[in-house]
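Only one structure is covered here, and it is reproduced in the block below.
What follows draws every value from the coordinates through simple rules; no lab data is involved. Everything quoted here is computed from the prediction, not taken from an experiment. As a convention, Cβ positions derive from the backbone with ideal geometry for all residues, glycine included, and neighbour counts pool all protein chains shown.
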Amino acid sequence: MEIWSLFFYEFQRVKKVLKIYLLLAGPGLIVMLADNDAGGITTYTVTGAKFGYGLIWFILLLLPVAYVVQEMTVRLGAVTKRGHAEAIFDAFGTFWGWFSFLDLALVNWLTLITEFIGMTMALSLFHIPPAITIIIVSIVMMIMVLQGRYWTWEKIAIVFAALNLVYIPAAFLIHPSWSDVVSTGFVPHFPGGFTSTLFFFLMANIGTTIAPWMIFFQQSAVVDKGMKEKDIGWGQADTFFGSTLTVLVAIFCIIVTGTVLFGSQIESAAQAAQILMTTSPYVGTLIAIGLFDAGFLGAICISLASSWAFGEVFGWAHSLNLKIREAPWFYACYFIALVTAGVVVLIPGAPLVLITLFVQVIAVTLLPAALVFLLLLLNNEDIMGSYKNTALQNIVGSAIVVGIIILSTFYGITTLFPDILV
Amino acid sequence: MAPIGTGQILGHLISSLHGFRKKISDINQRYAIPKIRMSKWVRLTLFVLRLYLIFLVLLLGYKFWTLVR
């Protein structure tokens, strides 16, 4: 009898904890799964085809990296009730404020174009013309924000985020040798030696793990959700859960291409899906759906990150809890970004490859500044009070930030001058 | 309803631009003084960040120059 009452008590306790988590979950989960956007999925797909399971251990190392950086945005947002763009203006003045804001607007808009490219490529595998994809996606994205509640937007976004997990069943469908996955993937080593190509791929994988928009997005989302200091613990749990899922998706994506396409010359996730559609139709279809979803998830987060930043800086009403007539400029920014990015993709002969490369380079100019400001703000007692970074958080955070800056700079340089690595 | 003339549209555009310029100068005034305590460490970090950005701009400029050439 006592065991049953204990079991019932535990069940009720877990149920209550889950209920609270589901109420407070969102920003961390969404931003982390949106981190696996079209560019991210392409990177993991190509990594798997090039190195098999050999770099899975490296992807695992990216879990704490993503968590440590994004956790800081939760605390900063919950304590200051301000987005990152506004926080930079306020703390560091107009030079750094305008620099970060304009750079963010540019890099977000260019990244939005790459998300549209990913979505159109994915749906073209189902014979859907790019114009139809862009029109439908834009309409769905507009409907998502126009219902006037952050909560509703967030729950719809979580459904799309969950779709990002299709790579897990896809990996099971191809029946990989799990013992090979464990013995090759989880033992740190450099497949084929530490070559320039391998170095480029390591940098590319780090580049997809932390992007500038993620910092701005999560902090603004925490503010819009109305999270307070007492919710920080839940926000941290949400971010950790999200980081775990994003790494899991990346690993399963690598397992898929590492199993069936290892050694093939794959250049994009769409190409991988196309090849797989002829050999394993279900897996190919899942990869294509995953790529579309990745682009969609990235697009909804990136366009919102820009709109929140515009609202914060210009002092316009900027919340998904407001109707269109209450926050016209906030929604105008969102729509303009969407429509213009979509139009660029449809322009015949538009330099889409150049845009994709340019995104990586421009992101490198913003990421170090955004990360450094994050660390400086989190160390300021006047701003953070008792929630400021501890010594251990500073040591870990600084090491990660310095590492990201060095590797992303190398990544940007090698993108600009590919011959350096030869 | 009287048709809207080109002059009216131009006038509206000019007043919108004027409003936008005023908004920018308001922002510049509001955030003119950085609120963060400028300790030696903060100053040094911001200085290194400036140098880093100058380096990146020079690299981008060099790339652009090699492309044009």
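Listed here are the pairs A:Lys155/A:Lys388; A:Lys19/A:Lys81; A:Lys15/A:Lys225; A:Lys16/A:Lys155; A:Lys388/B:Lys40; which of them are more than 26 Å apart at the Cα? From A:Lys155/A:Lys388; A:Lys19/A:Lys81; A:Lys15/A:Lys225; A:Lys16/A:Lys155; A:Lys388/B:Lys40, over 26 Å: A:Lys155/A:Lys388. The loop-placed chymotrypsin sites (Phe, Trp or Tyr not before Pro) in the stretch A:41-72, going by DSSP, include none that has at most 16 neighbouring Cβ atoms within 10 Å of its Cβ. Checking every one of the trypsin sites (Lys or Arg not before Pro) in the stretch A:211-261 against DSSP loop status and a limit of 13 other Cβ atoms within 10 Å picks out A:Lys228. Site pair A:Ala317 and B:Ala32 shows an inter-label distance of 3.1 nm when each label is modelled 7 Å from Cα along Cα→Cβ. What separates the Cα centres of the stretch A:323-371 and the stretch A:13-81 is a distance of 22 Å. Between A:Trp151 and A:Leu60, the simple label model (points 7 Å from Cα in the Cβ direction) yields a spacing of 4.0 nm.
Given R₀ = 35 Å, what would the calculated FRET efficiency be for A:Ile20 paired with A:Phe172, taking r from the Cβ atoms and rounding to 0.05?
0.65
Per q in 0.19 1/Å, what log10 I(q)/I(0) does a Debye calculation on the alpha-carbon atoms of the stretch A:8-47 return? Per q value, in the given order, log10 I(q)/I(0) is -0.64.
Could you check which residue among A:Leu18, A:Leu63, A:Leu106 shows the biggest mean-square fluctuation in a GNM of chain A with a 10 Å Cα cutoff? Maximum fluctuation in the GNM of chain A, among the listed residues, is at A:Leu18.
Rounded to the nearest 0.05, the FRET efficiency derived from the C-beta distance between A:Glu2 and A:Thr279 at R0 = 60 Å is 0.60.
Taking 0.36 nm per residue of sequence separation and subtracting the Cα-Cα distance, how much length would be gained by fully extending the chain between A:Glu326 and A:Phe241, in nm to one decimal? Kindly include the intermediate steps, with their values, before the conclusion.
Working: separation 85, 0.36 × 85 = 30.60 nm, distance 3.42 nm.
Difference between extended and current length: 27.2 nm.
Restricted to Cα atoms, the stretch A:370-410 shows a radius of gyration and a Dmax of 11.1, 36 angstrom. Dividing the helix sum by the residues of chain A, where each DSSP H run of 4 or more adds -39500 (n - 2.57), gives a mean residue ellipticity at 222 nm of -26500 deg cm²/dmol.
Taking the Cβ-Cβ separation of B:Thr6 and A:Ile336 as r and a Förster radius of 25 Å, what is the calculated FRET efficiency to the nearest 0.05? Rounded to the nearest 0.05, the efficiency is 0.55. Only Cα pairs within less than 10 Å get springs; with that Gaussian network setup on chain A, which residue of A:Ala105, A:Ala269, A:Ala131 has the largest fluctuation? Comparing A:Ala105, A:Ala269, A:Ala131 in the GNM, the peak value goes to A:Ala131.
Ranked from largest, the principal axis spans of the Cα set of the protein assembly as shown equal 71, 70, 56 Å.
At a 10 Å Cβ-Cβ cut-off, how would you order A:Val256, A:Val17, A:Val31, fewest neighbours first?
On the way: A:Val256 29, A:Val17 12, A:Val31 32.
The fewest-first ordering by Cβ neighbours comes to A:Val17, A:Val256, A:Val31.
List the chymotrypsin sites (Phe, Trp or Tyr not before Pro) in the stretch A:137-221 that DSSP assigns to loop (not H, G, I, E or B) and whose Cβ has at most 15 other Cβ atoms within 10 Å. Which are they? Don't skip to the end; give the middle numbers.
Values: sites: A:Tyr150, A:Trp151, A:Trp153, A:Phe160, A:Tyr167, A:Phe172, A:Trp178, A:Phe186, A:Phe194, A:Phe199, A:Phe200, A:Phe201, A:Trp213, A:Phe216, A:Phe217; in loops: A:Phe186, A:Phe194.
Answer by residue number: A:Phe186, A:Phe194.
Expressed in nm to one decimal, what extension gain is obtained for the pair A:Leu346 and A:Lys228 from 0.36 nm per residue of sequence separation less their Cα-Cα distance? It would help to have the intermediate numbers written out before the result.
Values: separation 118, 0.36 × 118 = 42.48 nm, distance 4.28 nm.
Result for the pair: 38.2 nm of gain on full extension.
For the peptides A:403-412, A:114-123, B:57-66, residues were scored by their other Cβ atoms within 10 Å and the scores averaged per peptide; the highest-first order is A:114-123, A:403-412, B:57-66.
Potential lengthening of the chain between A:Ile136 and A:Phe194 amounts to 16.4 nm, from the contour at 0.36 nm per residue minus the alpha-carbon distance.
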